[in-house]
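Read through the structure below, which is laid out as structure tokens, and then see the notes.
The values are calculated or read from the model by the stated rules, or taken from the named source; none is laboratory data. These numbers were taken from a predicted model, which means no experiment stands behind them. Virtual Cβ from ideal backbone geometry, glycine too; neighbours counted across all protein chains shown. The area values use the complete protein model at the heavy-atom level, side chains included, leaving out ligands, DNA and RNA. Shrake-Rupley method; radii C 1.70, N 1.55, O 1.52, S 1.80 Å.
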Amino acid sequence: MTWSIGFYDQSVEDGILGLASGFVARFLRYAERMQVFGADLGMPHTRAMGDGLFELRIKSAKGIARVFYCTGVGRRIVFLHHFVKKAEKTPTAELKMARKRMKELGHG
């Protein structure tokens, strides 16, 4: 059985697909794998952030991007928030936004 992919809203989908082409290519490849193998692709591709939140870890020639997501009932993956990393540590504001959106969806 395959997993379905969704987005928190249209702006999240547009933002992810509007990233530099190297990020988008890797995002699409990982999303395709997630549909087949599930939400946890393992390091270095995905990482659990706690309380049901995960991050998709994307590297390209343009740098590093992160896409936060959660899973839902019925084998559903929902992408919540994305950002391009500029520092070693994940910014607190980015993590808070993803957790807020996850709560709004009734997860966590």
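List of remarks:
- Test: residue in segment 88-95 that is assigned to a strand (DSSP E or B), of a type in the set (D, E, K, R), farther than 25 Å from residue 4 by Cβ and free of Cβ contacts under 8 Å to residues at least 40 places away in the same chain: no
- Selection of segment 1-10 for residues being modelled with pLDDT of 95 or more and open to solvent by 70 Å² or more (accessible area, probe 1.4 Å) yields only 10.
- Test: residue 87 is over 11 Å from the mean Cα position of the chain (by Cα) and either open to solvent by 10 Å² or more (accessible area, probe 1.4 Å) or under 22 Å from residue 9 (Cβ atoms) (or both): yes
- Qualifying residue in segment 47-62 (condition: more than 21 Å from residue 101 (Cβ to Cβ) and in a strand (DSSP E or B)): yes
Rundown of residues vs (1) within 15 Å of residue 26 (Cβ to Cβ); (2) among the acidic types (Asp, Glu); (3) under 9 Å from the mean Cα position of the chain (by Cα); (4) modelled with pLDDT of 90 or more, yes/no style:
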{"site": "56", "(1), (2), (3), (4)": "yes, no, yes, yes"}
{"site": "60", "(1), (2), (3), (4)": "yes, no, no, yes"}
{"site": "63", "(1), (2), (3), (4)": "yes, no, no, yes"}
{"site": "76", "(1), (2), (3), (4)": "no, no, no, yes"}
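- Of all residues in segment 11-30 being in contact (Cβ under 8 Å) with a residue 40 or more places away in the chain and in a helix (DSSP H, G or I), the one that is surrounded by the most Cβ atoms within 10 Å (Cβ to Cβ): 23
- Residue 98 assigned to a helix (DSSP H, G or I) and surrounded by 15 or more Cβ atoms within 10 Å (Cβ to Cβ): yes
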